[in-house]
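The values are calculated or read from the model by the stated rules, or taken from the named source; none is laboratory data. Predicted model only: the values in this text are computed from it and were never measured. Here Cβ is always computed from backbone atoms with ideal geometry, including for glycine, and neighbour counts include all displayed protein chains.
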Amino acid sequence: MRKEAIRTFKKAVTYSCRGSLYLAALGHAYAATGHRGEALQILRELTKRAREQYVSPYAFSLVHTGMGNKDQAFAWLDRAYEERASTLPFLMTNPTLASLRSDPRLHALLRHMGLEDDGFLGNVTA
């Protein structure tokens, strides 16, 4: 259903006036379906936008996760934590971040957030 996901995210990007989180979700979908060039273009757009207005580091982490760039994804998640990004509580429920769930860095981040002991890791399937 990846093609359907891309179509849906494209609509969401349009309806949201190119909202950063919707762009990031589209970038993740592009990357996950092998459209690396399109994902990189979205990263460039987010980077340019971030020079002029706030773009959540969480958005960058979504695209990097889709591209398999775990180190960069975690660097952006750490920055999101430092900024207290409102999207961080969705770490364990957002399916686009499932590939990070087995990484010890995610467990450490959840501990810092006070969430690991809440049973998240045992109750969420990847």
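All but one of (1) closer than 18 Å to residue 2 by Cβ; (2) within 13 Å of the chain's Cα centre (by Cα); (3) modelled with pLDDT of 90 or more; (4) part of a helix (DSSP H, G or I) hold for residue 68; state the number of the condition that does not hold.
Tallying (1) closer than 18 Å to residue 2 by Cβ; (2) within 13 Å of the chain's Cα centre (by Cα); (3) modelled with pLDDT of 90 or more; (4) part of a helix (DSSP H, G or I), residue 68 fails exactly one: (4).
Could you tell me which of the residues 105, 101, 49 is among the basic types (Lys, Arg), more than 18 Å from residue 5 (Cα to Cα) and at pLDDT 95 or above?
49
May I ask you to list the residues in the stretch 22-49 that are among the hydrophobic types (A, V, I, L, M, F, W, C) and crowded, with 17+ Cβ neighbours inside 10 Å?
23, 24, 25, 26, 29, 31, 32, 39, 42, 43, 46 - these are the residues of the stretch 22-49 that are among the hydrophobic types (A, V, I, L, M, F, W, C) and crowded, with 17+ Cβ neighbours inside 10 Å.
Just checking, does the stretch 50-58 include any residue being out of contact with any strand residue (DSSP E or B) (no Cβ under 9 Å at 6 or more places or on another chain), surrounded by fewer than 17 Cβ atoms within 10 Å (Cβ to Cβ) and either assigned to a helix (DSSP H, G or I) or touching a residue at least 40 places away in the same chain (Cβ under 8 Å) (or both)?
First pass over the stretch 50-58, keeping only residues out of contact with any strand residue (DSSP E or B) (no Cβ under 9 Å at 6 or more places or on another chain): 50-58.
Checking the rest, the ones that are also surrounded by fewer than 17 Cβ atoms within 10 Å (Cβ to Cβ) come to 50-54.
Among the residues that remain, those that are also either assigned to a helix (DSSP H, G or I) or touching a residue at least 40 places away in the same chain (Cβ under 8 Å) (or both) are: 50.
Yes; the residues of the stretch 50-58 include at least one that is out of contact with any strand residue (DSSP E or B) (no Cβ under 9 Å at 6 or more places or on another chain), surrounded by fewer than 17 Cβ atoms within 10 Å (Cβ to Cβ) and either assigned to a helix (DSSP H, G or I) or touching a residue at least 40 places away in the same chain (Cβ under 8 Å) (or both).
Looking at the stretch 112-123, which of the residues that are modelled with pLDDT of 80 or more and in contact with a helix residue (DSSP H, G or I) (Cβ under 8 Å, 6 or more places away or on another chain) is surrounded by the fewest Cβ atoms within 10 Å (Cβ to Cβ)?
Here is the first cut: in the stretch 112-123, the ones modelled with pLDDT of 80 or more are 112-114.
Applying the additional criterion that residues be in contact with a helix residue (DSSP H, G or I) (Cβ under 8 Å, 6 or more places away or on another chain) yields 112-113.
Details: 112: 11, 113: 15.
It comes out as 112.
If you scan the stretch 84-100, which residues turn out to be in contact with a Phe, Trp or Tyr (Cβ under 9 Å, 6 or more places away or on another chain), assigned to a helix (DSSP H, G or I) and more than 18 Å from residue 32 (Cβ to Cβ)?
If the condition is that a residue be in contact with a Phe, Trp or Tyr (Cβ under 9 Å, 6 or more places away or on another chain), assigned to a helix (DSSP H, G or I) and more than 18 Å from residue 32 (Cβ to Cβ), then 88 is the only one that fits.
Could you give me the residue pairs with C-beta distances under 7 Å whose first residue belongs to the stretch 75-94 and is touching a residue at least 60 places away in the same chain (Cβ under 8 Å), whose second residue is not in a helix (DSSP H, G or I) wherever it lies, and which are 6+ apart or on separate chains?
87/56
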